[in-house]
1. Could you list all residues from region 240-281 that are outside any strand (DSSP E or B) and within 16 Å of the ligand (Cβ to nearest atom)?
2. Would region 110-132 turn up any residue that is part of a helix (DSSP H, G or I) and surrounded by fewer than 20 Cβ atoms within 10 Å (Cβ to Cβ)?
3. Considering only region 305-322, state which residues are in contact with a strand residue (DSSP E or B) (Cβ under 6 Å, 6 or more places away or on another chain) and of a type outside the set (S, T, N, Q).
4. Filter region 232-271 down to the residues that are in contact (Cβ under 8 Å) with a residue 60 or more places away in the chain and acidic (Asp, Glu), then identify the one that is farthest from ASN63 (Cα to Cα).
5. If I filter region 302-327 down to residues being farther than 16 Å from SER244 by Cα and in contact (Cβ under 8 Å) with a residue 60 or more places away in the chain, which single residue comes out as surrounded by the fewest Cβ atoms within 10 Å (Cβ to Cβ)?
6. Every residue in region 382-393 that is over 27 Å from the mean Cα position of the chain (by Cα), more than 15 Å from ASP361 (Cα to Cα) and either hydrophobic (A, V, I, L, M, F, W, C) or buried (at least 17 other Cβ atoms within 10 Å of the Cβ) (or both), please.
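Values in this text are rule-based calculations from the coordinates and carry no lab data. All values derive from a computational prediction rather than experimental measurement. With ideal geometry, Cβ positions are generated from the backbone for all residues, glycine too; neighbour counts draw on all protein chains shown.
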Amino acid sequence: MSQTAYRGAQDNRLKYLLSYVSDHSPYYQRVFREHGVDIEAVFKIADLSALPFTTKDDLAAANDDFLCVPKSRIADYVTTSGTLSDPVAFYLTDSDIERLATNEAESFKCAGGSERDIYQLMTTIDRRFMAGLAYWMGARKMGAGMIRVGPGAPYLQWESIRRFSPTVIIAIPSFIPRLIDYALANGIDFQSSSIQSIICIGEPIRNPDFTFNELGKRITSQWNVKLFSTYASTEMGAAFTECSEGKGGHLNPDLLILEVVDEDGKAVEEGELGEVVVTTLGVEGMPLLRYKTGDLCHVYYSPCACGRTSPRLGPVVGRKQQMIKFKGTTIFPPAIFDVLDMVSEIELYQVVVSKNEFGNDEITVLLAMHLHTPAFREMLHSLFKSRLRVTPVFEFITAEELSSRIFRQEKRKPEKLIYI
Ligand SMILES: [Zn+2]
């Protein structure tokens, strides 16, 4: 589809969305009233800026007011991950679940998937997590198979790979080095396994120039697999997935309207960094208008070599609220992860961001006790100095304690980053 063709289709969907939320969403009814929004005047994407943004705080404060259907129509109850705040509830109707399945099937196809593939799922599918469910349904919709192993458990992962010959792994990429280490330690010939590619979720594997970051390099230098990056969130109910070109995640124009904006809310140009703002299309339960994700990405509008003309997003450079001002330098947590991922001796780490008595940010990196030698400290110190110009505080705790801090029972994902 050409750019003009999909924009035309999006204009019609936007028109429908605006009349739908003004009929059914208590939140948007109130906002339209308060801001004097005339939805008849906003029928084209070019007119979107006449609508106010929706923020994370709006969503948290008026959570259930976003719901457009009676609660009896809710088929699935999910919550956001809530890295920086309390999780927000998301309500999905039957048709929203179908939309998720469509999104994920298209996403798998974008990453080269087909009905011949077998996916091994290394994330949770329950715990009120939207994505796990979406992967399973997407594979089913595409006609592929899935092995739901869940997170962790390297032994079970390799046993499943040997037994069922999956072709694609879906995982948080920082788990893959642990999987490789387990194979190496246990004489598993992972190089000749059936795995051809990995769908990487939740963490970037590339630098903004699309070269692999340290985590991406660490995986691909050890294992001959193709990595596909994805960027998604509960609020979007959709994913930006890389094609085989690896030049950013593609927008699915049937499911989202994308804006990438600067500090003043103005659209940024080709290749520039801005905050990702989405308007969800085809959502029945909790549609969102101009939702500010807080995620900062570079945006590309030029057509991709794969033939798709939809905009692409580069890796998430950071979250707006996660910006750390440290010793006069501005740092986003992924930059700290990237340095730590360079060091092969480091298997697990947790980055702790806190405020000191003067209200300034402090960064402490927790590492396993067995690494605690003067030489190792010195090496880390100079590595951070050369890469980020500043050095965090390093603290060494037992491997058991570190592991229990990162893999907490009540959390769905490992906690590499915490704020105290
Ligand atoms: Zn492409």
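1. Of everything in region 240-281, those that are outside any strand (DSSP E or B) and within 16 Å of the ligand (Cβ to nearest atom) turn out to be CYS243, SER244, GLU245, GLY246, LYS247, GLY248, LEU251, ASN252, PRO253, GLU270, GLY271.
2. No: region 110-132 contains no residue that is part of a helix (DSSP H, G or I) and surrounded by fewer than 20 Cβ atoms within 10 Å (Cβ to Cβ).
3. ARG308, PRO311, ARG312, LEU313, GLY314, PRO315, VAL316, VAL317, GLY318, ARG319, LYS320
4. GLU245
5. Taking region 302-327 first, the residues farther than 16 Å from SER244 by Cα are 302, 316-327.
In the following step, the residues that additionally are in contact (Cβ under 8 Å) with a residue 60 or more places away in the chain were identified as 316-317, 319, 321-322, 326-327.
Working: VAL316: 24, VAL317: 16, ARG319: 17, GLN321: 11, GLN322: 19, PHE326: 19, LYS327: 15.
So the residue we want is GLN321.
6. LEU383
Each row is one residue, and each column tells you yes or no for (1) more than 24 Å from SER81 (Cα to Cα); (2) touching a residue at least 24 places away in the same chain (Cβ under 8 Å); (3) of a type in the set (Val, Ile, Thr).
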position: LEU367; (1), (2), (3): yes, yes, no
position: ARG387; (1), (2), (3): yes, yes, no
position: GLU410; (1), (2), (3): no, no, no
position: LEU417; (1), (2), (3): no, yes, no
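Yes or no, residue by residue, for (1) within 14 Å of the ligand (Cβ to nearest atom); (2) under 27 Å from VAL88 (Cβ atoms):
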{"residue": "VAL283", "(1), (2)": "no, yes"}
{"residue": "TYR291", "(1), (2)": "no, yes"}
{"residue": "HIS298", "(1), (2)": "no, yes"}
{"residue": "GLY307", "(1), (2)": "yes, no"}
{"residue": "PHE326", "(1), (2)": "no, no"}
